[in-house]
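No value in this document is a laboratory result; all are computed from the given coordinates. Here the structure is a predicted model, which is why all the values come from computation and not from measurement. Here the Cβ positions follow ideal geometry from the backbone for every residue, glycine too, while neighbour counts run over all protein chains shown.
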Amino acid sequence: MNKSLFVNKTLQKLLLPALLVAATIARAQEFGGNPPSIKWKQVNTPAARIIFPAGMDSAGVRVANIVGQMNGLVKPTIGFKQKQVSIVLQNQTTIANGYVGLAPFRSEFFLTPEQNSFDIGSLPWPQQLAIHEFRHVQQYNNFNVGLSHVLHILFGEGGQALGNDLSVPDWFFEGDAVFNETHVSEQGRGRLPFFFNGYRALWVGERNYSYMKLRNGSYVDYTPNHYPLGYMLVAYGRQQYGDNFWKNVTHDAAAFKGGFYPFQRAVKKYASTDFKTFTNNSLDHFKEQFSGTDANTKPNPDASRHFDADREYPAYINDSTLIYMKTTYNHIPAFVIKTGGKERCISTRSSSLDNYFNYHDGKVVYASYRPDVRWGYRNYSELMLLDVATGKEHRITQKTKYFSPAFSADGKRIVVAQVATSGASELHILNADGGLISALPNPNKLFYTYPRFYGDGKLVAAVRDPEGKMSLAMIDIATGTPKYLMPFSFRPIGFVAIKKDAVYYTQTEDVNDRLFVLKLDNNRTYELLPTGSDTGIGHYQPAVSEDKLAWVGFTAFGYQINEVNRKDLKWIDAGSNYVHYLPDMGITALKRDSSANMLTRVVDKPLPVVPYSKAHGLFNFHSIIPDISDPNYSFAITGENVLNTLQSQLSFDYNRNEGYKQFGFEAVYGALFPYISGGVDYTLDRRQFYKGSYVYWNETSIHGGLQVPLNFSAGKHSTGLTFGSDLYFNQTSFQQNNAQRFADRSYAYLNNYLSFSNQTQIAKQNIYPRLAQSISVNYKSAVTGAAATQLLVSGTFYFPGLVSNHSLVINVAHQQKGKDNVIGFSNNFPFSKGYTAESLDEMNKVGINYHFPFAYPDAGLGNIVYLLRLRGALFFDYTRATADSFFTNGSSFKQNFRSTGATVYFDTKFFNQNSVSFGIRYSRLLDNDFFGGTGRNRIELVLPVTFF
């Protein structure tokens, strides 16, 4: 049996599985993502260099003051090491996010806040990012110890990323950062009930999942992400064992003290109890905080039930018919109409940042996400108008940053919250076709969320003031002047709905997000208490008809819609018995040291703002990275500047197919419309099969080129087009035993390429998109010194299978070399599976693959490996290869290479956080393996490069 190793070239860096983790990922990074017209400025302090676009001076100085003054106060709880980090403020994107990454060590803040204040809170967004993300900076600075430090010395920042990833779980990174944001502010997610809804739903539903399942997730059951788990464990540790507990634990873990399971060993050492008991005690503490309030929430008695669907943002068409957004694990989000107990799908939703929409008289309006064609950090939130009767939609605004649109009572106008690149929030009034009627002044610098029309001349919206406190405001459309309808507080408010003179909304009250109504005629506020028929945690997204009220609650099976008759509701006067503050969930450690609530004490010191040179640190070499992409085995010293406009590397590569060794330098500059690339390579022992024997030579290559990456994604499709050309100059020197047959020569050739991809959205359980195409064309042609060409065209096409989550994948390829080629171009032809491949004059391939899942085990072993899904693939490959003057007698070669077989794939998580999919493939060769071993049966191990 011939065994071989096939590596799936989907990722590039074997050393850095840590980069797959939320605390260290660079998925948000966009190479060359900003247009060259942006001028950058900086504030340089010992703790951080804050880099920001011109005009964002106040945000840059504020962030610099927060991280500088917070750094000294909270150091004792994580460690005292300090290395300056660069923080880039990105204001062109509509995505609310931020990250800190190693390799290279930098941070980015994406400055557009969310509309949903229950999710992350209502603090000013740059401040929220500063108090959360800078904690990650402190973590990395202090986790450079022991074996992690040795890896840093050997492999650079990427080595530390690997060590930290293997020793400190991702839940600690995020849980500790959430604790910090809660500790140093008056809000933070640790005080928000919404943050705990996932676990509360599991507890009420009696879903007693194992720690491994909670850590790794599931394709069939709802599991919360690692943020709330991390916060609960971190907060309980600080509460029970003191503020130095996690500093000691993580120092020992990152140093790998005790060897295997360093983190669990450290917890046992400093908590004097085993890790499992510590985890159970932590969760029990928080479960107790909610036990009284959740006792009346109805559990689902069906213990075998899996995740059903998220049904969100209900709107009444009439008293008996609802329209809402439905999302399942095997289908992408869709608008659904429900009458009685029957659901009918209207249309799938275009790509969006959330599921919010507004309905009026047969029309739906919502904000869809669209990236810029060229610049990756620039994207838009544009309005889509959907006709419910036909299911057809069209875009009514372009290149806007609009959120939470809502119709007027007559349907002729739309109000939206707009966020400018300056960070300023505005209310815009549009006509029904998306044209701007007016932009309202905002003299009080409010941040608007979920605006609604109240009559013809006023609006009602949930607003945040410059401190992050929230209220409801009535805004005069003519002047923009707000009238506040309640006192400001840090309790989140949102999901506003208006019916006549009543404003329905959700507001945090103690440990719950509750449903309230404000009567505008008498300015009285009431809590609406359902009659006991409700299910789910929290009361969100109210919808009101003449006789009914609907809202959404969260359950272990997804968001569920509750409905009651309005006459059956209990109206409770929201008076003095309401607490009007955010709970600490029993964590008094939030208040017990000098850094508690320090955000209110940050002094806005004047700091010098100076220009930031785009040429600063262009060649920022940070890591040595091994890369296995069979047949290539290499390592590279990689570099990347802070603005992510230049990527460079020094490399050594060994090619198993040809046996050559290559030394090189490569660089790509991405700050202009086309990428500009260049490099030099020196190759030893290249070879090619020629007339019955191998020919060997050495080669020097210098190249430069242009590449244009374009993103045409919009609506329901993600579409990309990349094309470019590289000019290579090669000097070939044949080795001594071939020098008499072939003369040394130099030549130049063009490497022209084009790749196109298009796909529909993909649901969680889908292996591949239901419809997708990926096409690439590569044409190499000599321009001086020799006559040679090589054309490779390949395409992969994805279609729906027989049932949901099945995929039919067809791939085709054609490669054609020139008849008189004397240049051996590299071979990337996708040969039939199981065969040993060679580069021949003409090759054609058709492959048919059918992919399907067949089991969801949700089981693991020893907190090392967790098996989420088993899936299979059946395949048939046909390759036809020909070559002229192939044999020593000058005769040609013609051969079929057909194979069929099956692959079993294992979708796993390693170390409870790194996704690794690998497979075992059986291939039955239907023809002779002319270039390889004997026998028709082949077993292959299919590995991704992130697998050790």
Counting only residues 5 or more places away or on other chains, whose amide H sits under 5 Å from the amide H of residue 383 once H atoms are built in the peptide plane? 368, 396, 397
Set Lys and Arg Cβ to +1 and Asp and Glu Cβ to -1, take the dipole of the chain about its Cα centre, and tell me which of 166, 577, 29 lies farthest positive. 166
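For n ≥ 4 DSSP H runs only, could you compute -39500 (n - 2.57) per run for the chain, divide by its residues and tell me the 222 nm figure to the nearest 500? Can you show the working numbers first?
On the way: 12 runs with 145 residues, N = 948.
Result for the chain, helices only: -5000 deg cm²/dmol.
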Qualifying lysines (Cα of each under 19 Å from Cα of residue 833; at least 8 residues distant if same chain): 3, 9, 845, 894
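Using mean Cβ contacts within 10 Å as the protection proxy, how do 840-847, 226-233 order, highest first? Working shown, then result.
On the way: 840-847: 19.1, 226-233: 24.9.
Those peptides, ordered most packed to least, come out 226-233, 840-847.
Rank these for me by crowding, 717, 394, going from fewest to most other beta carbons within 10 Å. Kindly include the intermediate steps, with their values, before the conclusion.
Details: 717 16, 394 12.
Ranking 717, 394 by Cβ neighbours within 10 Å, fewest first, gives 394, 717.
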Over segment 831-948, how many percent of alpha carbon pairs lie in each 10 Å bin up to the one with the longest distance? 13, 33, 26, 17, 7, 3, 0
Of every Cα-Cα pair in segment 674-765, the percent that sits beyond 20 Å: 57 percent
What are the aspartates and glutamates whose alpha-carbon lies under 16 Å from the alpha-carbon of residue 213, with same-chain residues fewer than 8 places away excluded? 170, 221, 858, 907
Cα-based reach from residue 570 at 20 Å (exclusive), listing lysines while leaving out same-chain residues under 8 positions away: 298, 499, 500, 519, 548
Holding the Cα-Cα limit at 23 Å, pick out from 83/247; 401/716; 326/458; 257/591; 401/483; 716/764 the pairs that are longer than that. 326/458; 257/591; 401/483
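State the percent of C-alpha pairs, over all pairs in segment 350-490, separated by a distance greater than 22 angstrom. Each step should come with its number before you reach the end.
On the way: 3760 of 9870 pairs.
Across segment 350-490, Cα pairs with separations above 22 Å total 38 percent.
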Quick one: what are the phi-derived ³J(HN,Hα) couplings along segment 246-256, Karplus 6.51/-1.76/1.60 with θ = phi - 60°, whole Hz, x for glycine and proline? 6, 4, 5, 4, 6, 4, 5, 5, 5, 7, 6
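Out of all DSSP beta bridges in segment 77-132, what portion is antiparallel? Express it as a percent rounded to 5. Please list the in-between numbers first.
Details: 6 of 11 bridges.
Roughly 55 percent of the DSSP beta bridges within segment 77-132 come out antiparallel.
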DSSP bridge orientation in segment 82-204 - percent antiparallel, rounded to nearest 5: 55 percent
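Starting from the Cα gyration tensor of the chain, take the square roots of the eigenvalues, sort them a ≥ b ≥ c, and report rounded, prolate or oblate (rounded when a/c is under 1.5, otherwise prolate if a/b is larger than b/c, else oblate). The partial results should precede the final answer.
Values: a/c = 1.77, a/b = 1.62, b/c = 1.09.
Note, shape of the chain comes out prolate.
Over 32 Å between C-alpha atoms is what I'm after, so list which of 338/469; 268/469; 614/817; 269/909; 287/445 land there.
Numbers: 338/469 37 Å; 268/469 41 Å; 614/817 43 Å; 269/909 27 Å; 287/445 39 Å.
The answer is 338/469; 268/469; 614/817; 287/445.
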By Cβ neighbour count within 10 Å, fewest first, 206, 174, 312 rank 206, 312, 174
